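Structure, as structure tokens:
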Amino acid sequence: MGGMTSNRKRTEECMNVNYTHTNCSSSSDSHRKRPRFSSTLTRPVSSSSSTVSRIFRYPEAKTPLVREVHAPCRPRKFDLSRVESRFRARASASASDDMGNALNSLFAKYQRAKLSALEKCRYSLQQQKGKEVIDVDAESDGVYEVSEDSRFEEGRVVVVETRGDSSYAKVVHGGIQQQSTSYLDSELTNGNLKVVNDVGKMWDSEMHDLSSVHVYKKLIEAVGRRDDTIQRLNFEIKLNEKRLDTFNLLRPKKELVEEVPREPFVSLTSEEKNEVARAFSANRNRTLVTHENSNIEITGEKFQCLMPGAWLNDEVINLYLELLKEREQREPQKFLKCHFFNTFFFKKLISGRNGYDFKSVRRWTSQRKLGYGLLECDKIFVPIHKEIHWCLAVINKKDEKFQYLDSLKGKDNHALKVLARYFVDEVKDKTGKDIDVSTWEKEFVEDLPEQENGFDCGVFMIKYADFYSRGLGLCFNQEHMPYFRLRTAKEILRLKAD
């Protein structure tokens with residue numbers, strides 16, 4: 001039996017929360033502890049496994065505390081509502097006694113005293129401010145001023161209350177007042193004017209009360225304070241402008257980049273390109289063009305020097321320089337007055353025993369032959385050929401310079417000295433005057449387009465003369481050489497330089 005008792009099946013009492021495990025050695029049921037129930041239960045429970053017993057084991061559910069919602073109100077030193085409620089309670093409790101009658105009479109006297117005090121307060125405020133004062137509600141804790149800016153809407157009154165120098169907007173709903181977060185008065189602190197925009201929603205566009213005058217005075221004071229600030233800022237601006245001017249003087253000046261003109265770079269039309277292509281493929285012995293004034297003939301063989309990779313010959317260069325002179329004569333107002341010597345002039349000038357021979361070129365510049373005086377020209381261009389390289393020398397009378405232009409950045413002092421001597425002799429021969437050119441500058445132009453191959457020196461030389469005769473800077477480079485070859489070929493075929 002002991003083994004059976006120790007291995008017996010658990011009863012429902014083990015599932016009870018008040019069940020306490022005891023020694024199982026005793027087989028008597030009288031030693032088992034019964035479940036304990038709350039002492040508040042008066043009725044007995046027949047069985048621990050019943051539904052009623054399980055329900056009564058848990059505590060009763062209590063309803064949550066209901067809190068009354070109160071509107072924000074001003075704290076009172078004496079709560080009059082409690083005094084009134086006490087008076088009413090005492091009066092109702094002792095209604096049958098004589099003491100109840102005394103309390104009723106005392107309460108009536110309290111009501112009359114209260115109304116009288118409110119009337120006196122209302123009258124005194126009317127006398128001081130000259131405005132209507134109303135009591136919003138019997139339960140409210142203050143008296144509010146009703147000005148012309150107050151608004152009466154459905155179920156609420158918007159009232160303005162003045163506290164010292166500031167005014168506040170209050171909205172009263174059925175006896176409950178709500179203070180707005182926006183001030184009706186502007187605050188001026190350290191010269192800063194803080195204006196609350198929300199006030200405009202409550203106030204009308206015109207303000208006639210004392211607070212508007214107060215704000216207006218503060219605005220005037222703020223404007224006066226701003227004058228000093230404006231003067232200080234103006235002084236700082238002028239000081240910084242002077243500093244900026246000083247820095248600009250110390251800063252290195254940037255060179256002005258000349259705008260590239262359009263005329264020297266006008267593209268050839270398809271018709272002009274076809275015309276040049278036919279001339280390049282023409283018979284070598286065929287005469288393509290003949291210039292009557294200079295008596296220069298250009299055959300197919302000579303014309304081919306304008307093809308890419310070829311050296312320019314004397315006939316093509318001389319004819320092109322003649323075309324530049326005719327261009328100037330057609331439009332003298334557009335181009336400088338220039339003279340262009342041919343490629344044989346400098347060779348003839350230095351052909352003497354001492355490397356100088358003025359007599360050999362004396363008749364080249366006669367008035368009868370040229371039609372104008374050489375001294376009238378602004379610039380005189382002299383092509384110089386050095387066996388396999390072309391350069392250009394310029395007698396720049398306009399700027400009183402002797403210039404030397406070499407696409408390979410070469411320099412030749414002897415050439416400039418020879419030209420300076422020639423110019424003095426030319427003036428002496430044609431006018432009989434002696435001039436001094438010792439003060440003229442001898443310039444080897446360095447800021448010029450450079451040649452990047454071994455065959456475009458002639459094209460560079462004639463383009464130097466072209467741009468200088470226009471009064472332009474040398475705004476081209478090696479990449480323009482194929483275009484300049486085609487354009488020069490087109491101008492020679494049409495015997496007209498553009």
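Residues in the range 341-366 that are in contact (Cβ under 8 Å) with a residue 60 or more places away in the chain and surrounded by fewer than 13 Cβ atoms within 10 Å (Cβ to Cβ): 1 in all. Just wondering, is there one or more residues in the range 321-339 that are more than 57 Å from the chain's Cα centre (by Cα), surrounded by 13 or more Cβ atoms within 10 Å (Cβ to Cβ) and assigned to a helix (DSSP H, G or I)? Checked against the condition, which is being more than 57 Å from the chain's Cα centre (by Cα), surrounded by 13 or more Cβ atoms within 10 Å (Cβ to Cβ) and assigned to a helix (DSSP H, G or I), the range 321-339 yields no hits at all.
Mind checking which residues of the range 444-472 are at negative phi and loosely packed, with under 15 Cβ neighbours inside 10 Å? Break it down into steps so the answer makes sense when it comes.
Applying the first criterion (at negative phi) to the range 444-472 yields 444-470, 472.
Passing the criteria: E446, D447, E450, E452, N453, G454.
When we screen D412, D357, D406, D399 for residues that are out of contact with any Asp or Glu (no Cβ under 9 Å at 6 or more places or on another chain), closer than 23 Å to K442 by Cα and among the acidic types (D, E), the only hit is D357.
State which residue is least open to solvent (accessible area, probe 1.4 Å) when the search covers only the range 384-437 and only residues that are of a type in the set (D, E) and closer than 30 Å to N453 by Cα. Step by step, filter the range 384-437, then rank; the result is D406. Cβ separations smaller than 7 Å between residues 6+ apart or across chains give no pair from the range 249-263 residues that are closer than 18 Å to D466 by Cβ to residues that are open to solvent by 100 Å² or more (accessible area, probe 1.4 Å) and modelled with pLDDT of 75 or more. Checking K379 against (1) under 59 Å from the mean Cα position of the chain (by Cα); (2) open to solvent by 60 Å² or more (accessible area, probe 1.4 Å); (3) among the charged types (D, E, K, R), which single condition isn't satisfied? K379 satisfies all of (1) under 59 Å from the mean Cα position of the chain (by Cα); (2) open to solvent by 60 Å² or more (accessible area, probe 1.4 Å); (3) among the charged types (D, E, K, R) except (2).
For the range 353-410, which fully contained strands (runs of 3 or more DSSP E) count at least 3 residues that are modelled with pLDDT under 95, among the aromatic types (F, W, Y) and within 30 Å of E479 (Cβ to Cβ)? Don't jump to the end; show me each part of the working.
Working: elements: 379-385, 390-396, 401-405.
Passing ranges: none, list empty.
The values are calculated or read from the model by the stated rules, or taken from the named source; none is laboratory data. As the structure is a computational prediction, the values presented were derived from the model and not from experiment. Don't worry about glycine lacking a Cβ; one is built from the backbone with ideal geometry, like all the others, and counts go over all protein chains shown. When the accessible area is computed, the model is the full protein with side chains, heavy atoms only, and any ligands, DNA or RNA have been set aside. Shrake-Rupley method; radii C 1.70, N 1.55, O 1.52, S 1.80 Å.
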